[in-house]
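Engineer: Pasting in a structure now, in structure tokens, and then I'll have a few things to ask.
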Amino acid sequence: MIPVNEPWLTERDVELATEAVRAGWVSSAGPFVEAFETGWASYCGRKHGIAVTSGTAALQLAVRGLDLGPDDEVILPTFTIVSCALAVVYAGAKPVLVDIDPRTGTIDPAEAAARLTPKTRAIMPVHIYGHPVDMDPIHSLADANGLAVIEDSAEAHGAEYLTGRSEPGARWVRCGNLGTLSIFSFYANKMVTTGEGGMLLTDDDTLADRLRGLRNLCFGAEPARRFHHDDAGFNFRMTNLQAALGVAQLERIGEILSRKRSIAERYEDRLSGQPALILPVEKSWARPVCWVYAIRFEEDSGWTAEAFASALKAKGVESRPFFLGMHQQPMFQQRGLFAGESYPFSERWSLQGLYLPSGLALTGRQIDDVCVAVREILGTA
Ligand SMILES: *Cc1c(COP(=O)(O)O)cnc(C)c1O
């Protein structure tokens, strides 16, 4: 079986993780946590990095850190991972959904504007499968209405967005530097991985302090009494052992990005011209990172992701279907959310999209085998 994702770990990862163990620093105390926070924040051009246990925890902390709660609404795309909507629901706030742009799969800014109410407090754009959201209209909307922007960059390590493209001073900005608060995941299938892990980035000193407190059970600051808690915090601390992997991989981030680029180029070379397939797009204002090679089937091709995935599996190729919209999740429907809502583009993506093996450990030979399998199934081999 060719796995859909296999992480790429090197001797350097082993070396730094070993160093953490040898030094006895296996908890969240220890030098790698701060080194990873500082390094990642600086890579993204941000002032503060707050490392946590997962991307999901980072989203949860972001919502809490911004004091969102009952009576507040947060606008987000329906096509995303469940963690985004859960973070809002955990805080007692209300998720308000928006459909996606049918080409990039990212939140449609015009539709987001249409879902604004006097209760809207934040907007949560998600860079999908490595392609950046069109952020300028999101920022205009946020600025005009006093909204916080929670940028989910979990799938877009190293991706870039051209801000101000209609003006003279246009410039490329790295994803992770486009939100009031920006979050990352370092799960094993993400480009940089600590096994499990996540991070929040911000330039706001007060917010950073608050997030550090919330991450660590809101222990009172010294010299106040240690076991004096002034808020209901969480234990979302990343360990030094995990952070060691983050530090090692940040050293080779350029190589990680170029490996992903070659994977995507090889797929594109071998799969373009297939009438049934829609390959990933790249907008002129985006430098995507192709976190995964995400393909879709033409509406009239007759293929669903489910049928194609089982045909691939029969040929020894693992794949993963696209997200299922938040409005289609039984768990939210049972809570009385999103009743009767429908988002046609998201539904089409869910029905007819899947991603092919895309892990950093993938070889060129394996990609070729996957492409042969794809063409055989399509009957164009
Ligand atoms: C992976 C992912 C997350 C959640 O990260 P975990 O570390 O798995 O909790 C959040 N948002 C998006 C868009 C993701 O892809």
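The values are calculated or read from the model by the stated rules, or taken from the named source; none is laboratory data. In this text the structure is predicted, and so the values were computed from the model without any measurement. Note that each Cβ is placed from the backbone with ideal geometry, even for glycine, and that neighbours are counted across all protein chains shown.
Engineer: Counting only residues that are hydrophobic (A, V, I, L, M, F, W, C), in a helix (DSSP H, G or I) and surrounded by 17 or more Cβ atoms within 10 Å (Cβ to Cβ), how many does region 312-343 have?
Structural biologist: 3
Engineer: Would you please list the contacts, defined by Cβ atoms under 8 Å and residues six or more apart or on different chains, that run from a residue in region 34-47 that is more than 15 Å from T202 (Cβ to Cβ) to a residue that is of a type in the set (S, T, Y)?
Structural biologist: Every condition considered, the pairs that remain are F36/T194.
Engineer: I need the full set of residues from region 117-130 which are touching an Asp or Glu at 6+ places or on another chain (Cβ under 8 Å) and either of a type in the set (A, V, I, L, M, F, W, C) or away from the ligand (no atom under 12 Å from the Cβ) (or both), in order please.
Structural biologist: Matches in region 117-130: T117, K119, T120, R121, A122, M124, V126, I128.
Engineer: Of (1) out of contact with any strand residue (DSSP E or B) (no Cβ under 7 Å at 6 or more places or on another chain); (2) at pLDDT below 95; (3) in the same structural domain as V63 (by TED's automatic domain parsing); (4) within 27 Å of P125 (Cα to Cα), C290 satisfies all except one. Which?
Structural biologist: Single failed check for C290: (3).
For (1) of a type in the set (A, V, I, L, M); (2) in a helix (DSSP H, G or I), each residue gets a yes or a no:
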{"residue": "L245", "(1), (2)": "yes, yes"}
{"residue": "A248", "(1), (2)": "yes, yes"}
{"residue": "E265", "(1), (2)": "no, yes"}
{"residue": "D269", "(1), (2)": "no, yes"}
{"residue": "D300", "(1), (2)": "no, yes"}
{"residue": "W303", "(1), (2)": "no, no"}
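Engineer: Separate question: Take the conditions small (G, A, S), surrounded by fewer than 21 Cβ atoms within 10 Å (Cβ to Cβ) and assigned to a helix (DSSP H, G or I) and apply them to S346. Does it pass?
Structural biologist: When the stated conditions are applied, S346 does not pass them.
Engineer: Also: Picking from T104, T18, T56, T80, which residue would you name as being over 22 Å from R174 (Cβ atoms) and in contact (Cβ under 8 Å) with a residue 60 or more places away in the chain?
Structural biologist: Working: T104 fails: over 22 Å from R174 (Cβ atoms); T18 fails: in contact (Cβ under 8 Å) with a residue 60 or more places away in the chain; T80 fails: over 22 Å from R174 (Cβ atoms).
Only one candidate passes the filter, namely T56.
Engineer: When the residues of region 131-166 are narrowed to those that are among the aliphatic types (A, V, I, L, M) and touching a helix residue (DSSP H, G or I) at 6+ places or on another chain (Cβ under 6 Å), which ends up nearest to the ligand (Cβ to nearest atom)? I'd like the intermediate steps shown before the answer.
Structural biologist: In the first step, residues of region 131-166 are kept if they are among the aliphatic types (A, V, I, L, M); the result is 133, 135, 138, 141-142, 144, 147-150, 154, 156, 159, 162.
Still in the list and also touching a helix residue (DSSP H, G or I) at 6+ places or on another chain (Cβ under 6 Å): 138, 141, 149-150, 154.
Numbers: I138: 16, L141: 20, V149: 15, I150: 11, A154: 3 Å.
Checking each candidate, the answer is A154.
Engineer: I would also like to ask the following. Run F186 past the list (1) away from the ligand (no atom under 12 Å from the Cβ); (2) buried (at least 22 other Cβ atoms within 10 Å of the Cβ); (3) aromatic (F, W, Y) and report the number of the one that doesn't hold.
Structural biologist: Unmet condition: (1).
Engineer: In addition: Considering only region 77-110, state which residues are basic (K, R) and within 20 Å of G353 (Cα to Cα). Show your work before the answer.
Structural biologist: From region 77-110, those basic (K, R) are 94, 103; that's our starting set.
R103, the sole residue that qualifies.
Engineer: If you go through region 11-43 one residue at a time, how many are among the charged types (D, E, K, R), farther than 11 Å from A244 by Cβ and surrounded by 18 or more Cβ atoms within 10 Å (Cβ to Cβ)?
Structural biologist: So the count comes out to 1.
Engineer: With the requirement that a residue be within 21 Å of P95 (Cβ to Cβ) and surrounded by fewer than 24 Cβ atoms within 10 Å (Cβ to Cβ), what does region 48-59 give you?
Structural biologist: Correct list: S54, T56.
Engineer: Restricting attention to region 197-217, report how many residues are on the phi > 0 side of the Ramachandran plot and buried (at least 24 other Cβ atoms within 10 Å of the Cβ). Lay out the reasoning, then the answer.
Structural biologist: Kept after step one, since they are on the phi > 0 side of the Ramachandran plot, are these residues of region 197-217: 197, 217.
Remaining after also requiring buried (at least 24 other Cβ atoms within 10 Å of the Cβ): 197.
The total comes to 1.
Engineer: Would region 88-96 turn up any residue that is modelled with pLDDT of 95 or more, farther than 26 Å from N235 by Cβ and within 11 Å of the ligand (Cβ to nearest atom)?
Structural biologist: First, pick out the residues of region 88-96 that are modelled with pLDDT of 95 or more: 88-96.
In the following step, the residues that additionally are farther than 26 Å from N235 by Cβ were identified as 94, 96.
Add one more test, that the residue is within 11 Å of the ligand (Cβ to nearest atom), and what stays is none.
Taking every residue of region 88-96 in turn, none turns out to be modelled with pLDDT of 95 or more, farther than 26 Å from N235 by Cβ and within 11 Å of the ligand (Cβ to nearest atom).
Engineer: Now for a separate question. Could you please let me know if P118 is surrounded by fewer than 23 Cβ atoms within 10 Å (Cβ to Cβ) and either touching a residue at least 60 places away in the same chain (Cβ under 8 Å) or not in a loop (DSSP other than H, G, I, E, B) (or both)?
Structural biologist: Considered against the rule, which asks whether it is surrounded by fewer than 23 Cβ atoms within 10 Å (Cβ to Cβ) and either touching a residue at least 60 places away in the same chain (Cβ under 8 Å) or not in a loop (DSSP other than H, G, I, E, B) (or both), P118 comes out as no.
Engineer: So which of V14, V21 ends up being farther than 22 Å from R237 by Cβ and of a type in the set (A, V, I, L, M)? Before the answer, list the steps.
Structural biologist: Values: V21 fails: farther than 22 Å from R237 by Cβ.
Only one candidate qualifies: V14.
Engineer: Additional query: Got a sec? Which helices (runs of 4 or more DSSP H) wholly within region 2-76 have at least 2 residues that are away from the ligand (no atom under 16 Å from the Cβ) and over 16 Å from the mean Cα position of the chain (by Cα)?
Structural biologist: Answer list for region 2-76: 11-23, 31-43.
Engineer: Need a quick list: strands (runs of 3 or more DSSP E) entirely within region 148-206 having at least 3 residues that are modelled with pLDDT of 95 or more, in the same structural domain as P357 (by TED's automatic domain parsing) and more than 13 Å from the chain's Cα centre (by Cα). Talk me through it step by step, then tell me what you get.
Structural biologist: Working: elements: 148-152, 160-163, 171-174, 181-185, 198-202.
Correct list: empty, since no element meets the threshold.
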